[in-house]
Amino acid sequence: MLDGLNLMWSWSLGVLLFLLLLCLLYILGLRHVARYSPETRTSTYRVIAFFLAILIMAVMLTTPIDTVARTQLFSVHMAQTVVLTTLCAPLVLVGCPEVLLRPLLNTPFVRDIIRIVTRPLVASITFNLLFLLWHAPRIFHLALQSTPLYHVEMLSIFCASLLNWYPLIGSLHELRRMSYPLQMLYAFFDGQPVDIFAFVLVFTGVAIYPYYHIPPQLGLSAFADQAAGGALLLIPGLTDLAVMSPLFFRWLSRIEQQTRLADQSRYEQAELEDELEEDEVEKTSEI
């Protein structure tokens with residue numbers, strides 16, 4: 001099945017530096033928390049989530065997977081993109097608790113920028129526009145011809161997906177103030193441009209990206225490879241549904257809790273009014 005595939009390792013200095021920089025910043029953040037907030041401890045599962053994301057990114061961008069994605073199979077490129085945006089990005093955000101990100105908001109200039117780019121509309125437009133622009137045929141062709149440019153594409157889409165996920169799972173709650181219904185609407189509408197693009201790839205009937213050298217041993221046409229990539233690109237839409245389900249149940253739980261508190265408040269108010277009426281009756285009878 002692997003006959004004809006280029007299994008050369010892709011050692012990109014830019015990718016390695018990017019991943020090392022993320023690890024360095026994370027470790028420095030953990031040390032800062034341990035020094036200045038010793039009572040607050042970063043959970044082990046968060047640290048595991050972060051470094052698992054880094055490991056998966058390294059596998060996606062430095063192994064033969066990356067070589068095949070750049071030169072031979074568009075479907076592998078889409079698998080690479082889906083893993084980075086729907087698995088690695090959420091894992092990185094899960095790995096960064098509030099205490100780790102709080103110092104970023106202490107600098108007014110940085111705080112203002114973060115507040116702007118994490119706004120739901122800005123984050124969604126940034127991700128979808130960047131994703132679609134990079135996959136415009138001419139721009140994508142240029143990226144395939146240059147390994148550094150291709151990795152700029154993948155890393156920029158990854159960074160944009162961090163912004164895209166933040167309104168839903170970011171740890172700084174003041175940066176995500178949407179109610180549960182708005183979060184569900186965000187998760188639904190945010191994925192529509194990519195879903196439409198995926199359907200175009202699957203049903204257009206024409207190979208939009210005829211730039212890959214598909215090994216004849218695989219027996220795949222350019223369009224079949226493209227359709228497989230489009231099918232893989234529908235996975236984020238399923239992820240959106242998976243995200244919407246717990247949001248819906250949390251919303252119902254909150255409504256139920258608010259209703260219960262309102263009923264309890266009305267009950268206590270009624271009891272108080274009854275006590276006041278009884279006191280007035282007693283006073284009247286004494287007179």
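The values are calculated or read from the model by the stated rules, or taken from the named source; none is laboratory data. Owing to the predicted nature of the structure, the values given are computational and were not obtained by experimental measurement. Neighbour counts run over all protein chains shown; Cβ positions are idealised from the backbone, glycine included.
Counting just the residues of the range 19-41 that are of a type in the set (D, E, K, R) and assigned to a helix (DSSP H, G or I), which one comes out modelled with the highest pLDDT?
In this case the residue turns out to be ARG31.
Please specify each residue of the range 100-127 satisfying the condition of being of a type in the set (A, V, I, L, M), surrounded by fewer than 17 Cβ atoms within 10 Å (Cβ to Cβ) and farther than 15 Å from TRP165 by Cα.
LEU101, LEU104, LEU105, VAL110, ILE113
Answer yes or no: is there a residue in the range 17-27 that is without any contact (Cβ under 8 Å) to a residue 12 or more places away in the chain and surrounded by 14 or more Cβ atoms within 10 Å (Cβ to Cβ).
Quick first cut of the range 17-27, residues without any contact (Cβ under 8 Å) to a residue 12 or more places away in the chain only: 17, 20-21, 24-25, 27.
With the extra rule that they be surrounded by 14 or more Cβ atoms within 10 Å (Cβ to Cβ), the set shrinks to none.
Checking the range 17-27: not a single residue is without any contact (Cβ under 8 Å) to a residue 12 or more places away in the chain and surrounded by 14 or more Cβ atoms within 10 Å (Cβ to Cβ).
Table: residues versus (1) within 14 Å of the chain's Cα centre (by Cα); (2) among the polar types (S, T, N, Q); (3) closer than 23 Å to THR86 by Cβ.
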position	(1), (2), (3)
LEU105	no, no, no
THR118	yes, yes, yes
LEU130	no, no, yes
HIS135	no, no, yes
HIS141	no, no, no
MET154	no, no, yes
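Out of the range 167-184, which residues are among the hydroxyl-bearing types (Ser, Thr, Tyr) and either touching a Lys or Arg at 6+ places or on another chain (Cβ under 8 Å) or surrounded by 18 or more Cβ atoms within 10 Å (Cβ to Cβ) (or both)?
SER171, TYR180
Go through the range 103-150 and give me each residue that's part of a loop (DSSP other than H, G, I, E, B) and more than 30 Å from PRO210 (Cβ to Cβ).
THR107, THR118, ARG119
How many residues are at pLDDT 90 or above and among the small types (Gly, Ala, Ser) when one looks only at the range 190-212?
So the answer is 2.
Just one of the numbered conditions (1) within 16 Å of LEU101 (Cβ to Cβ); (2) touching a helix residue (DSSP H, G or I) at 6+ places or on another chain (Cβ under 7 Å) is not true of LEU19; which one?
Only one criterion in (1) within 16 Å of LEU101 (Cβ to Cβ); (2) touching a helix residue (DSSP H, G or I) at 6+ places or on another chain (Cβ under 7 Å) is unmet by LEU19, namely (1).
How many residues, within the range 24-66, are out of contact with any helix residue (DSSP H, G or I) (no Cβ under 8 Å at 6 or more places or on another chain), among the hydrophobic types (A, V, I, L, M, F, W, C) and closer than 22 Å to LEU87 by Cα?
Residues flagged as out of contact with any helix residue (DSSP H, G or I) (no Cβ under 8 Å at 6 or more places or on another chain), among the hydrophobic types (A, V, I, L, M, F, W, C) and closer than 22 Å to LEU87 by Cα within the range 24-66 amount to 5.
Go through the range 42-100 and tell me which helices (runs of 4 or more DSSP H), entirely inside it, have 2 or more residues that are under 30 Å from HIS173 (Cβ atoms) and touching a residue at least 24 places away in the same chain (Cβ under 8 Å).
Result: 44-62, 74-83, 89-94.
Scan ALA187, ALA228 and give me the residue that is farther than 15 Å from HIS135 by Cα, buried (at least 16 other Cβ atoms within 10 Å of the Cβ) and at pLDDT 90 or above.
Numbers: ALA187 fails: at pLDDT 90 or above.
Among ALA187, ALA228, only ALA228 is farther than 15 Å from HIS135 by Cα, buried (at least 16 other Cβ atoms within 10 Å of the Cβ) and at pLDDT 90 or above.
Of the residues that sit in the range 3-15 and are in contact with a Leu (Cβ under 9 Å, 6 or more places away or on another chain) and assigned to a helix (DSSP H, G or I), which one is modelled with the lowest pLDDT?
Taking the candidates together, the pick is GLY14.
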